[in-house]
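Contents: one structure, followed by commentary.
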Amino acid sequence: MKERLKFRTALIWSALSGFLALAWEIVWSRLYNFASESRAEAFGAMLGSYLLGLAAGSLLSMRWHDAPDASRTTVARWIAMANIVAFLVCPLASWMVLKVSWFWTLPLVMICGGLLGLIFPLVCHWAIPPDEKSGERLSQLYVANIIGSGFGSLFTGFGLMEWMSAASISALLLGVAWLWAESLASWRMKAGLRLAMLLCMLMTPILFSGFYERLQYRTAYQLGMKFERVIESRHGVISVDTSKAIYGNGAYDGVISTSLAKKPWLVRPFLLSALHEKPEEILEIGVSSGAWTRILASHPQVKKVTAIEISAGYLDVVRFYPEVSSILTDPKIEIIVDDGRRWLRKHPNRKFDVIMMNTSIHWREFATAVLSKEVLELVKAHLNPDGIVMWNCTGSGRAARTGMEVFPHTMLAINNCIGSLQPLKLDKERWRRVLEVYHIDGVPVFDLTTDEGKKQLE
């Protein structure tokens, strides 16, 4: 390098390098979590690709250590180029998944990791003279980089993700990188890089238009497809399509409907009276679209529903749809934003006639949080002696077998496992009597004044 960077300035640049590198990683975590429908292997594959790219970039940085043109503008150029590519990873990957699996978009992350990996070694080489204190100074710069990295992941994941969309965060990070590069180059950065960064920021709405639609529909995507609603938070992305189906991080999570005649799979929450003589108090873990909550609370014998939902974003969705929005004001329903397991541990003395868990698809990450033997034992401790618990196995025989090891009496209703401490017996006549008087928001589930309603009941 022609000149040495002031060490205090280098500490700031090292922290900023770590901040941007980890902030981009959090953005890409959302990308691959959504594209893979929260498969457990997605984050590991993305992280491995990123680390491999960082390592390659760090090695490649030696090429510029003694280059005659190495200067502030050289580092600024790599900062600008690396962050432009980082910005483009999300929109490019969303177009690539129309033709290939999300896994084959990981080279984008690897390339970007390589470019970002150039920056920190160049800053270190620029700031540290080859003397007896070089090791000490390197460790200090590394600590600054780690502090910036930790803050970048925490602030982006828990702060920015709660307040902003992935598109807005990407534009913000690119803007921060631009200011850093300009400052580093003493405001003499090349016009081409300035124009590229400006165009990326101005075109953010266009580049990210249809972003989540492409990731979700993939080969079925058609130009112009739009979700009816998208809500982003630190918990993930909730989307609602035009058929009122709701998705959590790209995976099907229910439908905004309470009509048993139109949606026969809704028979599962309606099944309670066939199995329980008098279900008065219900615990529901996972509100999602609010449809099951509305159905359960409308049961003529139910006095209270305690509904636990970990993501407040689902409640924001519920507010927009009159078919389910009444759950937010129904005095029979208590909605608590919390983790279901934590709530159960905090309320060891609460007992319920029915515990309903419309759990996520069994192969998704963290699915064992609600499908494990330990969780089912915890749930069992909150059941009344004649109580029942129902959870969605989503086609997993292992999930059903886990229930059989916890509850002495089990059965399947479509893909839902039902467990009890007492023998389970389907009482068809009792179920019919309840369905005949079942109303939701004042509307009968089956209009028995018409032949069509009678036929639907049968």
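The values are calculated or read from the model by the stated rules, or taken from the named source; none is laboratory data. Only a predicted model underlies this, so the values are computations on that prediction, with no experimental measurement involved. Note that we place each Cβ from the backbone using ideal geometry, even for glycine, and neighbour counts take in every protein chain shown. The area values use the complete protein model at the heavy-atom level, side chains included, leaving out ligands, DNA and RNA. Shrake-Rupley method; radii C 1.70, N 1.55, O 1.52, S 1.80 Å.
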Tabulated pairs, segment 171-192, first over 20 Å from C112 (Cβ atoms), second part of a loop (DSSP other than H, G, I, E, B), C-beta under 8 angstrom, 6+ apart or interchain: E182/M189
Segment 146-186: number of residues that are closer than 16 Å to K6 by Cα, open to solvent by 20 Å² or more (accessible area, probe 1.4 Å) and assigned to a helix (DSSP H, G or I): 1
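Conditions (1) modelled with pLDDT under 95; (2) open to solvent by less than 40 Å² (accessible area, probe 1.4 Å); (3) touching a Cys at 6+ places or on another chain (Cβ under 7 Å); (4) within 20 Å of L20 (Cα to Cα), marked per residue:
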| position | (1), (2), (3), (4) |
| --- | --- |
| G57 | yes, yes, no, yes |
| D66 | yes, no, no, no |
| S71 | yes, yes, no, no |
| V89 | no, yes, yes, yes |
| A93 | no, yes, no, yes |
| W102 | no, yes, no, no |
| G117 | yes, yes, no, yes |
| W126 | yes, yes, no, yes |
Contacts under 7 angstrom Cβ, first residue in segment 417-433 being more than 14 Å from V406 (Cβ to Cβ), partner open to solvent by less than 100 Å² (accessible area, probe 1.4 Å) and of a type in the set (S, T, Y), 6 or more apart: R430/S273; W431/S273
Members of segment 204-232 that are open to solvent by less than 80 Å² (accessible area, probe 1.4 Å) and part of a loop (DSSP other than H, G, I, E, B): F208, S209, G210, Y221, G224, M225, F227, E228
Residues that are more than 22 Å from L184 (Cβ to Cβ) and either at pLDDT 90 or above or of a type in the set (F, W, Y) (or both), drawn from segment 128-139: G135, E136, S139
All positions within segment 357-390 that are under 16 Å from V406 (Cα atoms) and either in contact with an Asp or Glu (Cβ under 6 Å, 6 or more places away or on another chain) or not aliphatic (A, V, I, L, M) (or both): T368, S372, K373, E374, E377, K380, H382, N384, P385, D386, G387
Hits in segment 178-211 (condition: closer than 30 Å to G250 by Cα and out of contact with any Phe, Trp or Tyr (no Cβ under 7 Å at 6 or more places or on another chain)): L199, M201, L202, M203, T204, P205, I206, L207, F208, S209, G210, F211
Some residue of segment 251-262 being in contact (Cβ under 8 Å) with a residue 24 or more places away in the chain, under 18 Å from S165 (Cβ atoms) and among the aromatic types (F, W, Y): no
Out of F43, F34, F19, sole residue that is open to solvent by 50 Å² or more (accessible area, probe 1.4 Å), within 22 Å of G157 (Cβ to Cβ) and either assigned to a helix (DSSP H, G or I) or not hydroxyl-bearing (S, T, Y) (or both): F43
Near pairs, Cβ below 7 angstrom, 6+ apart or cross-chain, from segment 25-38 (farther than 13 Å from V89 by Cα) to any residue that is of a type in the set (S, T, N, Q): N33/N249; F34/N249; E37/N249; S38/N249
Selection status of A76, within 20 Å of L184 (Cα to Cα), touching a helix residue (DSSP H, G or I) at 6+ places or on another chain (Cβ under 6 Å) and buried (at least 19 other Cβ atoms within 10 Å of the Cβ): yes
Residues that are open to solvent by 30 Å² or more (accessible area, probe 1.4 Å) and either charged (D, E, K, R) or part of a helix (DSSP H, G or I) (or both), drawn from segment 194-203: R194, L195, A196, L198, L199, M201, L202
Elements of type helices (runs of 4 or more DSSP H) in segment 277-378, at least 1 residues being exposed (fewer than 14 other Cβ atoms within 10 Å of the Cβ): 313-318, 322-325, 340-346
Boolean, G53 is part of a helix (DSSP H, G or I) and without any contact (Cβ under 8 Å) to a residue 40 or more places away in the chain: no
Residues satisfying the stated conditions in segment 236-255, i.e. in contact with a helix residue (DSSP H, G or I) (Cβ under 6 Å, 6 or more places away or on another chain) and assigned to a loop (DSSP other than H, G, I, E, B): N249, G250
Single residue of segment 256-276 satisfying the filter (assigned to a loop (DSSP other than H, G, I, E, B) and open to solvent by less than 40 Å² (accessible area, probe 1.4 Å)) that is farthest from I361 (Cα to Cα): H276
Count of residues meeting criterion [within 21 Å of H362 (Cβ to Cβ) and either open to solvent by 10 Å² or more (accessible area, probe 1.4 Å) or free of Cβ contacts under 8 Å to residues at least 40 places away in the same chain (or both)] in segment 240-249: 3
Count of residues meeting criterion [open to solvent by less than 20 Å² (accessible area, probe 1.4 Å) and either part of a helix (DSSP H, G or I) or of a type in the set (V, I, T) (or both)] in segment 1-16: 2
Any hit, segment 174-181, residues being within 18 Å of L31 (Cα to Cα) and more than 21 Å from the chain's Cα centre (by Cα): yes
Out of T394, T449, T402, T410, sole residue that is assigned to a loop (DSSP other than H, G, I, E, B), free of Cβ contacts under 8 Å to residues at least 40 places away in the same chain and within 37 Å of the chain's Cα centre (by Cα): T394
